[in-house]
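Remarks on the structure that follows.
The values are calculated or read from the model by the stated rules, or taken from the named source; none is laboratory data. In this text, all values refer to a predicted model and were calculated from it rather than measured experimentally. Methodologically, a virtual Cβ is constructed for each residue, glycine included, from the backbone with ideal geometry; neighbour enumeration extends over all protein chains shown. Only protein heavy atoms, including side chains, enter the accessible area calculation; ligands, DNA and RNA are left aside. Shrake-Rupley method; radii C 1.70, N 1.55, O 1.52, S 1.80 Å.
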Amino acid sequence: MSASATTVEASARRAGAVRYWLKRLHLWVGLSVGLVYALIALSGSVLVLQGPLLRLMHPPLAAHALPDAAARAAVLTRIAHEWPSRGLRGADLPTAGLPVWQLYFSDGSRRYLDPSNGDLLLTRAPGSDLLLTLRDWHTHLLAGKSGEAALGVLGWLMLGLLLSGVWLWWPGRRNLRGSLRIHTQPPARRWVSWHRSVGAISLPLLLLVTLTGTLMVYGAGTRHVLQTLFADAPATPTPARIAPRPQAIDWAAALDAAQHALPGAELRRIALPSANDGRVTIRARAPGEWHPVGRSQVWLDPYRAQVLAAVDATAEGTGARLSNAVYPLHAGSVGGLAGKLLVLLCGLLPPFFLVTGFLFWRTRQRRQRR
């Protein structure tokens with residue numbers, strides 16, 4: 001045998017060994033960690049519809065009229081007086097989609113207030129509210145920061161699982177069409193053809209949703225890498241803290257100042273002064289932003305209704321805009337109803353792959369025992 005033939009044969013053996021172990025790794029990761037991935041994906045499909053589901057489960061929330069500027073300022077005055085001492089982290093202003101105040105608390109609970117007078121309408125808490133429990137599972141595996149870190153590791157494993165599946169399936173360009181054919185019999189061929197063909201067709205969507213979900217775990221790091229990669233101009237520095245003061249805040253003037261800082265934007269979320277910081281921070285959604293809350297931001301000295309700094313997210317660099325797009329792409333907030341339906345469908349695919357992969361493995365095991 002010639003030296004070249006020996007080299008080719010050795011290379012083929014190495015490739016065969018790599019393929020053998022990659023198949024086993026793909027199988028056992030898919031049948032073990034894939035179960036958790038499937039449950040996370042299913043919860044994501046539900047959360048895509050969390051807005052409509054919340055209104056369906058609590059119809060009175062959608063039955064209110066949007067408040068005028070005076071009522072909005074009056075309720076905000078009441079919120080600032082009653083709720084910060086109870087662990088208030090921030091509040092969403094009433095919008096057309098949810099015309100009530102939504103308050104966020106450090107224990108994960110949420111409260112909903114009447115937009116006209118600030119009366120309490122509803123309290124939701126993880127553990128007693130299905131949607132919040134699913135959200136906690138989807139974002140933290142019900143385990144806080146440790147669960148979020150584990151979720152990041154799981155995300156990279158699932159990306160590897162998806163890419164290894166394509167590598168194992170790839171038939172070459174000439175056989176591509178035939179390899180996508182769905183078979184009905186025999187059982188082993190049926191399950192493997194469904195598993196491989198649906199996986200190959202849906203791969204771009206699965207990669208997008210899995211990658212964006214994984215990158216969200218490393219939000220600050222993701223943003224820094226993208227801004228560095230695209231050589232963004234330095235970001236607007238966060239203004240220094242100011243000392244809180246005992247004087248009353250003219251909330252109508254403060255909100256008006258924020259609106260003038262970002263003309264045309266919709267003010268969406270507000271963080272009130274705290275015991276060691278008198279600033280007010282407002283998130284806003286500028287025209288053209290994908291993020292449902294918006295990534296534009298205004299910092300205020302509320303005691304003087306003075307803007308300390310403002311950022312229009314639509315005018316940021318390419319890296320920052322890509323970072324801002326991670327969550328909307330993952331949550332189906334891009335493309336209207338079609339975008340939500342695609343992400344919802346994507347959440348159903350990992351359970352499908354888990355089931356078809358298991359059925360293929362079980363059918364093959366039974367056949368080998370005969």
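For the range 219-243, a residue qualifies if it is within 26 Å of ASP301 (Cα to Cα) and either in contact with a strand residue (DSSP E or B) (Cβ under 9 Å, 6 or more places away or on another chain) or at pLDDT 95 or above (or both), and the qualifying residues are ALA235, THR236, PRO237, THR238, PRO239, ALA240, ARG241, ILE242, ALA243.
Look at PRO328 and say whether it is of a type outside the set (Asp, Glu), at pLDDT below 95 and open to solvent by less than 20 Å² (accessible area, probe 1.4 Å).
On the way: of a type outside the set (Asp, Glu): yes; at pLDDT below 95: no; open to solvent by less than 20 Å² (accessible area, probe 1.4 Å): yes.
Here the answer is no, as PRO328 does not meet what is asked.
Out of THR236, THR222, THR184, THR228, one residue alone is of a type in the set (S, T, N, Q), over 29 Å from PHE352 (Cα atoms) and loosely packed, with under 13 Cβ neighbours inside 10 Å. It is THR228.
Pull up the range 313-323, narrow it to residues that are aliphatic (A, V, I, L, M) and either free of Cβ contacts under 8 Å to residues at least 24 places away in the same chain or surrounded by fewer than 21 Cβ atoms within 10 Å (Cβ to Cβ) (or both), then point me to the one that is farthest from PHE230 (Cα to Cα).
ALA315
Every condition in (1) open to solvent by 80 Å² or more (accessible area, probe 1.4 Å); (2) within 26 Å of TRP137 (Cα to Cα); (3) in contact (Cβ under 8 Å) with a residue 24 or more places away in the chain is met by LEU56 except one, and the failing one is (3). Taken as a whole, the structure leaves ARG304 outside the set of residues that are in a strand (DSSP E or B) and of a type in the set (D, E, K, R).
Residues in the range 279-312 that are at positive phi, surrounded by fewer than 20 Cβ atoms within 10 Å (Cβ to Cβ) and not aliphatic (A, V, I, L, M): GLY288 only. When ASP107 is tested against (1) modelled with pLDDT of 95 or more; (2) open to solvent by 30 Å² or more (accessible area, probe 1.4 Å); (3) under 22 Å from the mean Cα position of the chain (by Cα), exactly one condition is not met: (1).
Restricting the search to the range 188-219, which residues are open to solvent by 50 Å² or more (accessible area, probe 1.4 Å) and either in contact (Cβ under 8 Å) with a residue 60 or more places away in the chain or aromatic (Phe, Trp, Tyr) (or both)? Scanning the range 188-219 gives TRP194, LEU208, MET216, TYR218.
Say we look at the range 342-363 and pick out the residues that are hydrophobic (A, V, I, L, M, F, W, C) and in contact with a Lys or Arg (Cβ under 9 Å, 6 or more places away or on another chain); which of these is modelled with the lowest pLDDT?
PHE360
Any residue that is open to solvent by 30 Å² or more (accessible area, probe 1.4 Å), touching a Ser or Thr at 6+ places or on another chain (Cβ under 7 Å) and either not in a loop (DSSP other than H, G, I, E, B) or not β-branched (Val, Ile, Thr) (or both) - is there at least one of those in the range 349-368? Scanning the range 349-368, I find no residue that is open to solvent by 30 Å² or more (accessible area, probe 1.4 Å), touching a Ser or Thr at 6+ places or on another chain (Cβ under 7 Å) and either not in a loop (DSSP other than H, G, I, E, B) or not β-branched (Val, Ile, Thr) (or both), so the answer is no. Listed here are the strands (runs of 3 or more DSSP E) enclosed by the range 47-165 that have at least 3 residues being closer than 16 Å to ARG269 by Cα: 88-92, 101-105, 110-113.
The selection criterion, being at pLDDT 95 or above and part of a strand (DSSP E or B), holds for ALA309.
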